[in-house]
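A.B. asks: Let me begin by handing over the structure; questions about it come next.
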C-alpha cells in the first residue's frame, strides 16, 4: 500500500471552526467585583482539592474546564469556518476583531483574502465588529458580503459613515462585493456548499447549512425554535437534518422562554429536542445572555445535563430509539473539527 501524502490527508478533512464570539445581544463581561468573587472561588477550590504548594497550581488548573477558570467570554457572535481550501466568516459581532488581529499577525492561512462574510441578520450584536475588521483598510483586499435580506449593501455602507464612524465607506481601500442570496437555494464558495434557511426570529434572520466533503454544519443563531414539529418547520427542516454539528441559540433557561416570547432566542432543551429527532451528532450552545454570570451559565449547563439524562432514561424505559448527541456550551475561542 503506497504511503498517504500530507496533501491527501489535508484534502480529506472537511471543516474546522473557531468561535470568536459567543455572547448575545451586546458584548458583556463579568464586573471587577464578579471576577474577584470568581477568583476567590478558584482559590478555595485549589485548597479544598488538597493542594497546598504553588508548584501544584498548573496541575489543578489542568483539571478544570476553561470556563471554570476564565468564563465564557465577552465578544458577540462571529464564527470562522475553514475547509481544506477556503474560509468563510459568519456574522460580524465584536468577536470579528479577534479574528482580524490574527490575520494581521500572519498566523491565519487566509491573511490576504479573499474574505467571505455571511450575515444572518442585522442586529447590532452581529454588526459591531465589522468596522474593526482591518482587511477593509488594506489596499486591493477582496471582501465579499452575503445575505438573503435585500438591504445588505445599504446597511454595510451605513456602518462606515460619520458621525458614528470616522472612515466613510468610499474611503475604504479594499474592494467590497455584495451578494444577495436566494432563500433555500444552494451556492458554493470554492469547496464549501452553503444553503440559507429561515430561523424563528422577530426580524428576518437566516441560518446556514454548510457542507464540505460530506460533513454538515447547521448554523442556528438567532432563533427561538417556535416551529417545533417537522411539519411546522416545513421547507426549513433541511437546515437541521443529519447535521454533524449544530450551533444553536440557548440564551435563556427553559422557564424564561415563556417570559420572553417573541424575543428571538431559545433554550438548550429546544435545541436538544431538535437534535435528538433529526439525528444531529454534535450540538454546541451559544448566544449566552449578556447579564448571565459564569455561575449562571454553568447552572444552565447543569440543567441541560439533567434534561438530556431524563430523555435518555425515558427512551430506554419506553423502548424508544435514542440517537445520542454530544453537546457542550461554547466559550470564546472554542475550536472544533469535523473530519
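A.B. asks: Can you give me the number of residues within the range 150-171 that are crowded, with 19+ Cβ neighbours inside 10 Å and outside any helix (DSSP H, G or I)? Even if it seems obvious, please write down each step before you answer.
C.D. replies: Here is the first cut: in the range 150-171, the residues crowded, with 19+ Cβ neighbours inside 10 Å are 156, 160.
Restricting the remaining residues to those that are outside any helix (DSSP H, G or I) gives 160.
So the count comes out to 1.
A.B. asks: Given the conditions (1) in contact with a strand residue (DSSP E or B) (Cβ under 7 Å, 6 or more places away or on another chain); (2) farther than 26 Å from residue 234 by Cα; (3) without any contact (Cβ under 8 Å) to a residue 40 or more places away in the chain, and given that residue 183 satisfies all but one, which numbered condition is not satisfied?
C.D. replies: (2)
A.B. asks: In the range 226-244, how many residues are part of a loop (DSSP other than H, G, I, E, B) and either more than 18 Å from the chain's Cα centre (by Cα) or surrounded by fewer than 16 Cβ atoms within 10 Å (Cβ to Cβ) (or both)?
C.D. replies: 6
A.B. asks: For the range 9-18, indicate whether the set of residues that are touching a helix residue (DSSP H, G or I) at 6+ places or on another chain (Cβ under 6 Å), modelled with pLDDT of 85 or more and either closer than 19 Å to residue 93 by Cβ or assigned to a loop (DSSP other than H, G, I, E, B) (or both) is non-empty.
C.D. replies: No, the range 9-18 contains no residue that is touching a helix residue (DSSP H, G or I) at 6+ places or on another chain (Cβ under 6 Å), modelled with pLDDT of 85 or more and either closer than 19 Å to residue 93 by Cβ or assigned to a loop (DSSP other than H, G, I, E, B) (or both).
A.B. asks: Ok, one more. Go over the candidates 274, 300, 326 one by one and state the one that is modelled with pLDDT of 95 or more, surrounded by 13 or more Cβ atoms within 10 Å (Cβ to Cβ) and more than 22 Å from residue 23 (Cβ to Cβ). Give the steps one after another, and end with the answer.
C.D. replies: Working: 300 fails: more than 22 Å from residue 23 (Cβ to Cβ); 326 fails: surrounded by 13 or more Cβ atoms within 10 Å (Cβ to Cβ).
Checking each option against the conditions leaves just 274.
A.B. asks: Look through the range 293-327, keep the residues that are in contact (Cβ under 8 Å) with a residue 12 or more places away in the chain and assigned to a loop (DSSP other than H, G, I, E, B), and return whichever of them is farthest from residue 245 (Cα to Cα).
C.D. replies: 293
A.B. asks: Would you check if residue 308 is over 28 Å from residue 96 (Cβ atoms), at pLDDT 95 or above and surrounded by fewer than 22 Cβ atoms within 10 Å (Cβ to Cβ)?
C.D. replies: Yes, satisfied.
A.B. asks: I'd like the full set of residues that are without any contact (Cβ under 8 Å) to a residue 60 or more places away in the chain, part of a loop (DSSP other than H, G, I, E, B) and either crowded, with 24+ Cβ neighbours inside 10 Å or touching a strand residue (DSSP E or B) at 6+ places or on another chain (Cβ under 9 Å) (or both), limited to the range 245-265. Please lay out each step first, then the result.
C.D. replies: Step one: filter the range 245-265 for residues without any contact (Cβ under 8 Å) to a residue 60 or more places away in the chain, giving 246, 248, 252-261.
Among the residues that remain, those that are also part of a loop (DSSP other than H, G, I, E, B) are: 253, 260-261.
Of everything in the range 245-265, those that are without any contact (Cβ under 8 Å) to a residue 60 or more places away in the chain, part of a loop (DSSP other than H, G, I, E, B) and either crowded, with 24+ Cβ neighbours inside 10 Å or touching a strand residue (DSSP E or B) at 6+ places or on another chain (Cβ under 9 Å) (or both) turn out to be 253, 260.
A.B. asks: Residue by residue through the range 268-292, note down the ones that are touching a strand residue (DSSP E or B) at 6+ places or on another chain (Cβ under 8 Å) and not in a helix (DSSP H, G or I).
C.D. replies: Hits for the range 268-292 are 280, 281, 282, 283, 284, 285, 286, 287, 288, 289, 290.
The values are calculated or read from the model by the stated rules, or taken from the named source; none is laboratory data. This one's a predicted model, so the numbers in the text were calculated from it and none came from an experiment. All Cβ positions, even for glycine, are placed from backbone atoms using ideal geometry, and neighbour counts span all protein chains on display.
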